[in-house]
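A quick write-up on the structure given underneath.
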Amino acid sequence: MPSIISVFAAIGVIIVILIAAIVGFLFLLPNHYGEEGPRGGSVSTNSSSSSSSSSVSVSTSSSEESTLSSSSSSSTSSSHSATTSSGKNYMLKLVDQGATSPAFSSSLTTNQGKTRIQCDEPYCYSYYLDNGNNWTLDGDIEPGQGFFLANDSGLTLINPTCNPTPTNNIEVCGPWHEAVGDKWEDETVSQVTASLSGLPPDLTLFSIYLTLPDYSQMFSHCIFNQSSAYGCSYEGYSAAVIGVFALTVNNTNTIAINAAETGSEGNPTTLSFSAQAAGLINGKIVTETLNSTNAPSFTPNHKFTIATDRKSFIELFVDNTKLYSSESLPIVLGGSSISISFYQFTSVNNETITTTWKNFTAYDSSTISVTGLQSGMSVFLEGQNGFSESVAANSSGIAVLDVSLDPLDLQVSVELVGQTIATYEGTVGAGAQLELLTI
């Protein structure tokens, strides 16, 4: 089980695993939860980097399984029109319908019985095949064993943090004592990982669902382990279970979202979320916490969303809360090699820890645009899951709307001075382009 020191110092560990492991530890920076936005959505503040965010109003998105295909089309279909006070009529012309399904997806629900991850990182793996997608599973899982299983609930990572029998240099259920460089260290954190590489290089919008079990009863009886091999928390660490969703480019630079459930004996369980950037810069691993928030109460099910063109902007969401937003990238994300990973970390000893992941989807756009607008006009979007957003035309007569949280089956209309002047008859998806015409 890697300690923070050993993660930074380990030799021969694959870089993508190493960087993500570091990201997994950066989760206990207190901050406030996102504030309510003007249309019922939420935004978060961030003092550590530049940010800009637009508020959106949404309801919890459906986690129904998605297909593995994508499509977009061009059309001259028009919209309902209305006569304005100036006597003009308008219509919306569809230039590109955008996505009708994800550009890439993996439901993580293909059945597989409980399977052991064959050995410890970094050079041996187990595999999970989900509708043609070959996920790699590995981790740093000693003492103890790593497993996974999959069913309709998703892919569950399983880590019993206890060895069944003593072995050389290890006590039953105690920290693993291993060489790190020229020193021996007691490893204090266990990690299990699932990764999918070789994704299409044009993807820009990524999301996944996490179920984090309620460990409050376990944590409420957790006795810190300061010296002996027993107790449920190593060397004074707070008991913690962490789920991490990460986008990695060129096997080095990573953007990640964390959910951390923490607790200790006699104290209530807390849930926090954070966003990190990490990468290899000039031969050195550099990490930055972009923002962190504390949830008002524990809830087990959450959706993580990463939206970025990998050139200029990035947005990170937990459920419907914008955790971080910036018009400049905190780390370089250009490159043709893209991988997605999710991780389970824990400092809890002598327990079986699990997290469940489901319905990974990705798209090649996170916006919808409307051109041909005039001063004073706004574009209004409504989704099937309660999502709505409104954006005013810019000086060039264009409105670009962020659909990261609900990229499919959207209805578009144009308003002028509170009056709807055109509504497109069908639905569109992320990447759609429409043009307002005067008729």
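The values are calculated or read from the model by the stated rules, or taken from the named source; none is laboratory data. Values in this document were obtained by computation on a predicted structure and should not be read as measured data. Note that each Cβ is placed from the backbone with ideal geometry, even for glycine, and that neighbours are counted across all protein chains shown. Side chains included, ligands, DNA and RNA excluded: accessible areas come from the protein's heavy atoms. Shrake-Rupley method; radii C 1.70, N 1.55, O 1.52, S 1.80 Å.
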Being surrounded by fewer than 24 Cβ atoms within 10 Å (Cβ to Cβ), in contact with a strand residue (DSSP E or B) (Cβ under 9 Å, 6 or more places away or on another chain) and not acidic (Asp, Glu) is the filter here, so list the residues in segment 297-324 that pass it. 297, 298, 299, 300, 301, 302, 303, 308, 310, 313, 320, 321
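Could you grab me the full set of residues in segment 260-275 that are in contact (Cβ under 8 Å) with a residue 60 or more places away in the chain and in contact with a Gly (Cβ under 9 Å, 6 or more places away or on another chain)? First the steps, then the outcome.
Initial filter on segment 260-275 (in contact (Cβ under 8 Å) with a residue 60 or more places away in the chain): 260, 262, 272, 274.
The one that is in contact (Cβ under 8 Å) with a residue 60 or more places away in the chain and in contact with a Gly (Cβ under 9 Å, 6 or more places away or on another chain): 260.
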Every residue from segment 88-99 that is modelled with pLDDT of 95 or more and assigned to a strand (DSSP E or B): 90, 91, 92, 93, 94, 95, 96
Could you run through segment 414-432 and say how many residues are of a type in the set (Val, Ile, Thr), in a strand (DSSP E or B) and farther than 11 Å from residue 378 by Cα? 2
Would you check which residues across segment 100-130 are buried (at least 23 other Cβ atoms within 10 Å of the Cβ), part of a loop (DSSP other than H, G, I, E, B) and at pLDDT 95 or above and list them? 102, 103, 108
If I ask for residues that are open to solvent by 30 Å² or more (accessible area, probe 1.4 Å) and either of a type in the set (S, T, N, Q) or modelled with pLDDT of 90 or more (or both), which ones from segment 256-272 would you list? 267, 269, 270
Those residues of segment 291-327 that are aromatic (Phe, Trp, Tyr) and under 12 Å from the mean Cα position of the chain (by Cα) come to a total of 3
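Among the residues that make up segment 300-320, is at least one of them more than 29 Å from residue 400 (Cβ to Cβ) and modelled with pLDDT of 95 or more? Full working, then the answer.
As a first pass, look at segment 300-320 and keep what is more than 29 Å from residue 400 (Cβ to Cβ): 300-301.
Checking which are modelled with pLDDT of 95 or more leaves us with 300-301.
Yes, segment 300-320 contains at least one residue that is more than 29 Å from residue 400 (Cβ to Cβ) and modelled with pLDDT of 95 or more.
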Among (1) modelled with pLDDT of 95 or more; (2) within 27 Å of residue 312 (Cα to Cα); (3) open to solvent by less than 50 Å² (accessible area, probe 1.4 Å), residue 423 falls short only on (2)
Tally time: how many residues in segment 131-156 are modelled with pLDDT of 85 or more, farther than 18 Å from residue 342 by Cα and buried (at least 18 other Cβ atoms within 10 Å of the Cβ)? 0
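Listed here are the residues, each with its yes/no results for (1) under 25 Å from the mean Cα position of the chain (by Cα); (2) under 19 Å from residue 366 (Cα atoms).
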| position | (1), (2) |
| --- | --- |
| 392 | no, yes |
| 398 | no, yes |
| 406 | yes, yes |
| 410 | yes, yes |
| 418 | no, no |
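Take the conditions open to solvent by 10 Å² or more (accessible area, probe 1.4 Å), in contact (Cβ under 8 Å) with a residue 12 or more places away in the chain and part of a loop (DSSP other than H, G, I, E, B) and apply them to residue 333. Does it pass?
Working: open to solvent by 10 Å² or more (accessible area, probe 1.4 Å): no; in contact (Cβ under 8 Å) with a residue 12 or more places away in the chain: yes; part of a loop (DSSP other than H, G, I, E, B): yes.
No.
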Kindly indicate whether residue 370 is more than 30 Å from residue 150 (Cβ to Cβ), among the β-branched types (Val, Ile, Thr), crowded, with 20+ Cβ neighbours inside 10 Å and at pLDDT 95 or above. yes
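Which of the residues belonging to segment 186-219 are at pLDDT below 80, of a type outside the set (A, V, I, L, M, F, W, C) and open to solvent by less than 40 Å² (accessible area, probe 1.4 Å)? Spell out the reasoning first.
Here is the first cut: in segment 186-219, the residues at pLDDT below 80 are 186-189.
Okay, now just the ones that are also of a type outside the set (A, V, I, L, M, F, W, C), so 186-188.
Selection gives 187, 188.
Conditions (1) part of a strand (DSSP E or B); (2) crowded, with 21+ Cβ neighbours inside 10 Å, marked per residue:
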position: 379; (1), (2): yes, yes
position: 385; (1), (2): no, no
position: 394; (1), (2): no, no
position: 404; (1), (2): no, yes
position: 408; (1), (2): no, yes
position: 412; (1), (2): yes, yes
position: 434; (1), (2): yes, yes
